[in-house]
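Only one structure is covered here, and it is reproduced in the block below.
The values are calculated or read from the model by the stated rules, or taken from the named source; none is laboratory data. Nothing here was measured: the structure is a model prediction, and the numbers come from that model. FYI the Cβ positions are ideal-geometry reconstructions off the backbone, even for glycines, and counts take in every protein chain you see. For accessibility, only protein heavy atoms count, side chains too; no ligands or nucleic acids. Shrake-Rupley method; radii C 1.70, N 1.55, O 1.52, S 1.80 Å.
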Amino acid sequence: MKKVGVLALQGDFAAHAAALERAAAEAVFVRDAEQLDGIDGLVIPGGESTTMLKLMHYDGLLEPLARFGREKPIFGTCAGAILLASEVSCPSQESLALLDIGVERNGYGRQVDSRVTRIVPEAEFVERTGAGKLEAVFIRAPIIRRVGQGVNVLARYQGDPVLVEQGRHLVATFHPELTSDSRVHALFLEKL
Ligand code: GLN
């Protein structure tokens, strides 16, 4: 069974652990750099990216996480997506820069701070994981404003990419861990 770490500094890490277990992986909470040694991949959950970044600095995790990401897959959701992006705006902040995407924090604006919607994924997502719309939970989500060459878009909402991959890494601006559909987590497990 694949062993996946869930960064458990802040945010909805418990929901990710449950979703990974539903997708038939073993989930372990990661709170320090040594724990990165024994895992096949890592999830950076949703929460507050600025707070997570401060805790990463405080715990000396920034460089170990960047190093981990040069070798093993990382899946970032929402705040995790912001932390993986190469370019962050509104306001700009430091990131691990493991995917060539530009994200705008809280990009959906106040009136759509949070919503649940059903989106039609790209044909490739369906081919790789199975048919059916994706239930997408957006909570003060970032918008992906730019995708670089080599970034593959697997789902869009209102024309903007919401699920993308580049090489071994995967990013969702919504929260698949909050639904019973395990396809997005299963897609990540394929990368391990
Ligand atoms: N708005 C948050 C941030 O900028 C992300 C929200 C979330 O992860 N649900 O970090």
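Highest mean packing comes first when the peptides 165-176, 54-65 are listed by Cβ atoms within 10 Å, giving 165-176, 54-65.
Dimensions of region 1-72 along the principal axes, based on C-alpha atoms and rounded to the nearest Å, stand at 32, 24, 16, largest first. Among the GluC sites (Glu not before Pro) in region 67-139, those located in a DSSP loop and surrounded by at most 10 other Cβ atoms within 10 Å of their own Cβ are Glu71.
Using a probe of 1.4 angstrom, how much of the accessible area of the chain is carbon and sulfur, in percent? Don't skip to the answer; put the middle values down first.
Numbers: 3960 of 8310 Å².
Within the chain, the accessible surface is 48 percent carbon and sulfur.
In terms of its Cα atoms, region 98-192 spans 35, 30, 21 Å along the principal axes, sorted from long to short. Local charge for Asp59 was computed over the other residues whose Cβ lies under 14 Å away, with Lys and Arg +1 and Asp and Glu -1, and equals -1. Its Kirkwood hydrodynamic radius, worked out from the mean inverse distance over all distinct Cα pairs, puts region 44-157 at 15.1 Å.
Accessible surface of Lys133, taken over heavy atoms with a 1.4 Å probe and every protein chain present, rounds to 110 Å².
The accessible area of Asp40, taken with all protein chains in place and a 1.4 Å probe, comes to roughly 60 Å². Put Cys78, Cys90 in order of accessible area, highest first, and with a 1.4 Å probe you get Cys90, Cys78.
Please work out the average accessible area per residue across region 9-65, using the 1.4 Å probe convention, and give it in Å².
On the way: 2520 Å² over 57 residues.
On a per-residue basis, 44 Å².
Of Ala131, Ala25, Ala15, the residue with the greatest mean-square motion in the GNM of the chain, using alpha carbon springs below 10 Å, is Ala131.
Relative contact order of the chain: 20 percent, from C-alpha pairs under 8 Å at least 6 residues apart in sequence. Dividing the Cα radius of gyration of the chain by 2.2 N^0.38 Å, with N the residue count, gives 0.92.
Using DSSP, restrict attention to beta bridges with both residues in the chain and report what percent are antiparallel, rounded to the nearest 5. Present the calculation step by step, with values, prior to reporting the outcome.
On the way: 20 of 38 bridges.
Rounded to the nearest five, the antiparallel share is 55 percent.
With all protein chains kept in place, the per residue accessible area of region 91-185 amounts to 46 square angstrom at a probe of 1.4 angstrom.
Starting from 0.36 nm per residue, how many nanometres of slack lie between Thr117 and Asp32 once their C-alpha separation is accounted for? Walk me through the intermediate numbers first.
Working: separation 85, 0.36 × 85 = 30.60 nm, distance 3.52 nm.
Full extension from Thr117 to Asp32 adds 27.1 nm.
Region 111-180 and region 73-102 have Cα centres lying 15 Å from one another.
Among Thr77, Thr129, the order of accessible area from largest down is Thr129, Thr77, computed with a 1.4 Å probe on protein heavy atoms.
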